[in-house]
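The next block holds one structure in the form of C-alpha cells; read it before the comments.
The values are calculated or read from the model by the stated rules, or taken from the named source; none is laboratory data. Note that this is a predicted model, so its numbers are computed, not measured. FYI the Cβ positions are ideal-geometry reconstructions off the backbone, even for glycines, and counts take in every protein chain you see.
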Amino acid sequence: MLSKLCPHCGKRSYSASSSGSWICPYCDKDISQTTVTQEHTDGDKKGDNLA
C-alpha cells in the first residue's frame with residue numbers, strides 16, 4: 001500500500017493505487033503531485049506477530 005504525507009495538513013494518506021487523482025481524506029486537498037513517502041506490503045501490517 002502506498003502512502004503520502006499531506007503537505008497541507010501533515011497527515012498521512014494511504015492508497016492501493018498510484019494512478020489517478022489523490023485527494024487527502026482529511027483536508028480534501030489534491031496531493032496527486034506529492035511524492036509517495038512509503039510503500040507498505042501485506043507483511044508490514046502492525047500486529048501480524050501478535051500471539
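Note on segment 1-40: residues that are assigned to a strand (DSSP E or B) and modelled with pLDDT of 90 or more amount to 10. From the list Gly47, Gly43, the lone residue that is at pLDDT below 80 and either outside any loop (DSSP other than H, G, I, E, B) or in contact with a Ser or Thr (Cβ under 9 Å, 6 or more places away or on another chain) (or both) is Gly43.
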